[in-house]
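Report on the following structure.
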């Protein structure tokens, strides 16, 4: 994008009053141009990113009537158009959502409490490669990232202590199999399954099969 060309923008939010107001302001600003009329579903924004490769996409986090979130849309937008900057707009989002959005490739975060002109100022800054987030929020989410990474590292170390058989049995438990069914599938005795379960719970420092499965899923070791 050269300095003489307008910033090409996509707006994606399911609050139509907001998107219509922003579209009017963009239309009046010679430095900005919409790639298409505002869209209200994140999958539509992903499609526009692949088609137009806009400079910036304004993206909400939560959408009604669709399973895709703004975070997942951001991930897919960055895959389809790596140079597109995604600015997340949200009325309220926990630090975990901000961390997920940052890891998905978002460049900036805005609250919907700001004025429309502040939103467009953020678009201009994002197009220039600026990272927009207040220092306190940045500090919090970086601490959250560090905590999450340490927890994941510790989890992977624990799962690495499991034998192949114990890992196999944990996977079968996660699939909903009972001890008797696991024994039959693996051609071993039920008491042997119980021993493996007891050993894997000890190694993982878990107190129940449900806790172990939840821990494995949360750690990304098992995908349901």
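The values are calculated or read from the model by the stated rules, or taken from the named source; none is laboratory data. Just so it is clear, the structure is predicted and the values come from calculations on it, not from any experiment. Note that each Cβ is placed from the backbone with ideal geometry, even for glycine, and that neighbours are counted across all protein chains shown.
For the stretch 44-64, state whether one or more residues are crowded, with 20+ Cβ neighbours inside 10 Å, more than 18 Å from the chain's Cα centre (by Cα) and within 16 Å of residue 132 (Cα to Cα).
Yes, the stretch 44-64 has at least one match.
Would you mind stating whether residue 153 is closer than 30 Å to residue 58 by Cα, at pLDDT below 95 and assigned to a helix (DSSP H, G or I)?
So residue 153 does not fit the description; no.
Given the condition part of a strand (DSSP E or B), surrounded by fewer than 16 Cβ atoms within 10 Å (Cβ to Cβ) and in the same structural domain as residue 133 (by TED's automatic domain parsing), answer yes or no: does some residue in the stretch 66-80 qualify?
Among the residues of the stretch 66-80, not one is part of a strand (DSSP E or B), surrounded by fewer than 16 Cβ atoms within 10 Å (Cβ to Cβ) and in the same structural domain as residue 133 (by TED's automatic domain parsing), which makes the answer no.
Quick one: is residue 115 more than 21 Å from residue 53 (Cβ to Cβ) and not assigned by TED's automatic domain parsing to the domain that holds residue 212?
Considered against the rule, which asks whether it is more than 21 Å from residue 53 (Cβ to Cβ) and not assigned by TED's automatic domain parsing to the domain that holds residue 212, residue 115 comes out as yes.
Out of the residues in the stretch 100-129 that are closer than 22 Å to residue 20 by Cβ and part of a loop (DSSP other than H, G, I, E, B), which is modelled with the highest pLDDT?
For the stretch 100-129, the residue satisfying everything is 115.
Can you go through 154, 130, 211 and tell me which one is within 30 Å of residue 101 (Cβ to Cβ) and in contact with a strand residue (DSSP E or B) (Cβ under 8 Å, 6 or more places away or on another chain)?
Within the list 154, 130, 211, the selection yields 130.
Name the pairs: first residue in the stretch 40-65 and farther than 21 Å from residue 112 by Cβ, second residue in a helix (DSSP H, G or I), Cβ to Cβ under 6 Å, at least 6 apart or on different chains?
As it stands, the answer is 46/73; 46/76; 46/77; 49/77; 49/80; 50/80; 55/127, since those pairs meet every condition given.
Could you please find all residues in the stretch 16-30 being surrounded by 14 or more Cβ atoms within 10 Å (Cβ to Cβ) and not in a helix (DSSP H, G or I)?
If the condition is that a residue be surrounded by 14 or more Cβ atoms within 10 Å (Cβ to Cβ) and not in a helix (DSSP H, G or I), then 29 is the only one that fits.
For the condition surrounded by 12 or more Cβ atoms within 10 Å (Cβ to Cβ) and within 30 Å of residue 12 (Cα to Cα), what is the one hit in 140, 158, 178, 165?
Answer to the check: 140.
Within the stretch 185-203, is even one residue touching a residue at least 24 places away in the same chain (Cβ under 8 Å) and in a loop (DSSP other than H, G, I, E, B)?
Within the stretch 185-203 (the criterion being touching a residue at least 24 places away in the same chain (Cβ under 8 Å) and in a loop (DSSP other than H, G, I, E, B)), the answer is no, since none of the residues qualifies.
If I filter the stretch 197-208 for residues that are loosely packed, with under 14 Cβ neighbours inside 10 Å, in contact with a strand residue (DSSP E or B) (Cβ under 9 Å, 6 or more places away or on another chain) and either modelled with pLDDT of 95 or more or under 30 Å from residue 87 (Cα atoms) (or both), do I get at least one hit?
no
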